[in-house]
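> I'd like to ask some things about the structure below.
The values are calculated or read from the model by the stated rules, or taken from the named source; none is laboratory data. From a predicted model like this one, the values you see are computed outputs, not experimental measurements. Glycine gets a Cβ as well: all are built from the backbone with ideal geometry, and neighbour counts include every protein chain shown. Note: areas computed on protein heavy atoms with side chains; ligands, DNA, RNA excluded. Shrake-Rupley method; radii C 1.70, N 1.55, O 1.52, S 1.80 Å.
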Amino acid sequence: SSGINAEYGEKKEPEKKNRDQDMVGKWQHCALSGHQLVKPIVSCALGRLYNKEAVINHILERTSKSYIKKLSDVVELQLTENKNFRSEVKADLYIDHYAAPFICPVLGLEMSGRYRFVYNLACGCVVSERVTIEIPSPTCHKCGKAISEEDNIVINGNEEDLKALTIKMKRRKEKQRAEKKQRNEDDPKTEGSKKTKKNDSQAGPSSKKLKTSEESKNKFEERDSYKKLFHKNTAPKDKAHWVTFNPYYN
């Protein structure tokens, strides 16, 4: 019967099962830890889904090279929960029998992988891509914040989407670097700090040593002052004479 199904162009049972498992893995599991997605859920500039806790651990451990180096490299998603969602856990696989846990707030489409979804970098709100095409708006359909279509990120997109998102990510980083450089050039404080660094580099070794010793001295003094604030004075007190000594007042 499997041969007949293949002959008529129908999907085989195992192939459909593998496809469903891949879809569940992408849309309901963290791309870093592989654990089930639980709020708060975040996404990167390439549209992958993560548990926020997994991203924090990844940043702290720094075990692998990644474009996610700080929390600002991901956006916390504003998701719309599906009230009709019910699920079962079987053999370490999250199986959705009834619906997806999240839906589009405008059209009610399930966020299960059957439909394309996007989020915007400005607000993190998640809607189906169909909304952005059929009802284009300069403001977010969920929160009302002003958004740009350029900042829409396709969630779990295909290879073409990933290529386009990679190009957009590089452009944003280049723009951010250029803006930061411009701010530093326009900021008089930055210019002053540059001059100070230049003067320090031109100063002789003796002056550098003197400065270092003064800095360390100030640090020790500051540390001592903090100790005085948080620690009681443990120095022994002078006891009164045995004649005038009263244990209730001394």
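> Consider L107 against the criteria (1) under 24 Å from C30 (Cα atoms); (2) modelled with pLDDT of 90 or more; (3) open to solvent by 30 Å² or more (accessible area, probe 1.4 Å): it satisfies all of them except one. Which criterion is unmet?
Single failed check for L107: (1).
> Which of the residues spanning the range 118-133 are under 19 Å from the mean Cα position of the chain (by Cα) and either more than 19 Å from A146 (Cβ to Cβ) or of a type in the set (G, A, S) (or both)?
A122, G124, listed by residue number.
> Let me ask another. Please go through the range 54-71 and give me each residue that is at pLDDT 85 or above and among the charged types (D, E, K, R), ordered by number.
Selection gives E61, K69, K70.
> Let me spell it out: the conditions are (1) closer than 23 Å to C44 by Cα; (2) at pLDDT 90 or above; (3) open to solvent by 90 Å² or more (accessible area, probe 1.4 Å), and N156 meets all of them except one. Which number is the exception?
Going through (1) closer than 23 Å to C44 by Cα; (2) at pLDDT 90 or above; (3) open to solvent by 90 Å² or more (accessible area, probe 1.4 Å) one by one, N156 breaks only (3).
> What pairs can you find where one residue is in the range 144-157 and touching a residue at least 60 places away in the same chain (Cβ under 8 Å) and assigned to a strand (DSSP E or B), the other is open to solvent by less than 50 Å² (accessible area, probe 1.4 Å) and basic (K, R), and their Cβ atoms are less than 9 Å apart, with a gap of 6+ or different chains?
From the range 144-157, the pairs are I153/K168.
> Here's something else I'd like to know. Just give me the residues in the range 34-68 being among the aromatic types (F, W, Y) and buried (at least 17 other Cβ atoms within 10 Å of the Cβ), in sequence order.
Passing the criteria: only Y50.
> Could you check the range 69-85 and list, in sequence order, the residues that are open to solvent by 20 Å² or more (accessible area, probe 1.4 Å), part of a loop (DSSP other than H, G, I, E, B) and touching a helix residue (DSSP H, G or I) at 6+ places or on another chain (Cβ under 9 Å)?
Passing the criteria: K69, K70.
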